[in-house]
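These notes are about the structure you will find just below.
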Amino acid sequence: MDRRIVQLYDAYTHGGISRRDFLDRLAGLAGSAMAAQAILPVLQNDYTADPRVAESDPRLAAGTVAVPGVEKLQGYLVRPAKGKSWPGVLVVHENRGLNPHIKDITRRLALEGFLALGLDYLSPLGGTPADEDAGRRLMAQVTPEAALACGRAALAFLRGHAEGSGRA
């Protein structure tokens, strides 16, 4: 694929241009609006694709948890199903929120022997929406100070968790 198309999509996904501008420029690079529509599914994430680690994997215990310290802060906590104590790891999502891909990464880390927390930095704003464009717009409302407070609260949660080793 033409690297200019990939760079254009990257600019769009990281908030550099609007969807309308992205589609207009993509049509120009592809030769037509119809060609741009054919290229679009190749560029976009497919969250329906099979994850590497299934949500129902019996080697894991997983669920949504409230994280104290920031109002309405939540995360996806995953740990190995067997054992007593694991070091914590905080999984930080990209600008689309705590989507299925980030949850899969969180499960993969738990399989490696961690108490893994995929933090939803958008949960204080209502949570990660299913639509990734809406997620990007919502993420733009998260201030650096709010993100730092969420991260600190999550690390404190992991360090103090009864099933954690105290290290995060």
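What you get for the chain, charging only the Cβ of Lys and Arg (+1) and of Asp and Glu (-1), is a dipole of about 480 debye around the Cα centre.
Shape index of segment 11-92: Rg/Rh, with Rg the Cα radius of gyration and Rh the Kirkwood radius from the inverse mean 1/r over Cα pairs, equals 1.19.
Largest GNM mean-square fluctuation among 41, 87, 51, using the chain with Cα springs under 10 Å: 41.
Across segment 78-112, the residues whose backbone nitrogen lies under 12 Å from the label position 7 Å along the beta-carbon direction of residue 167 are 86-89. Computed over Cα pairs, the Kirkwood radius of the chain leads via Stokes-Einstein (1.567 mPa s, 4 °C) to a diffusion coefficient of 74 µm² per second. If you take every residue apart from residue 18 with its C-beta less than 13 Å away from the C-beta of residue 18, what net charge results, scoring Lys and Arg +1 and Asp and Glu -1? Net charge around residue 18: +2. A simple count of charges around residue 164, restricted to other residues whose Cβ falls under 12 Å of its Cβ and scoring Lys, Arg +1 and Asp, Glu -1, yields +3.
Per residue, how much accessible area does the chain show when a 1.4 Å probe rolls over the protein heavy atoms, in square angstrom?
Values: 9470 Å² over 168 residues.
Per residue, the chain has 56 Å² of solvent-accessible surface.
Each peptide in 54-62, 66-74, 96-104, 113-121 gets a packing score, the mean of other Cβ atoms within 10 Å over its residues, and the list from highest to lowest is 113-121, 96-104, 66-74, 54-62. Please name which of 91, 117, 78 has its Cα lying farthest along the dipole of segment 77-122 towards the positive end, using unit charges on Cβ (Lys, Arg +1; Asp, Glu -1) and the Cα centre as origin. The residue sitting most towards the positive pole is 78. Ordering 64, 30, 41 by the projection of their Cα atoms onto the charge dipole of the chain, which places +1 on the Cβ of Lys and Arg and -1 on the Cβ of Asp and Glu, puts 64 at the extreme positive end.
Fully extended, how many nm does the chain gain between residue 27 and residue 44 (0.36 nm per residue separation, minus their Cα-Cα distance)? Mind dumping the intermediate values first?
On the way: separation 17, 0.36 × 17 = 6.12 nm, distance 1.57 nm.
Stretched out fully, the residue 27 to residue 44 stretch lengthens by 4.5 nm.
The values are calculated or read from the model by the stated rules, or taken from the named source; none is laboratory data. Everything numeric here is computed off the predicted structure, so don't read it as measured data. Every residue, glycine among them, receives a Cβ derived from its backbone with ideal geometry; neighbour counts consider all protein chains shown. Side chains included, ligands, DNA and RNA excluded: accessible areas come from the protein's heavy atoms. Shrake-Rupley method; radii C 1.70, N 1.55, O 1.52, S 1.80 Å.
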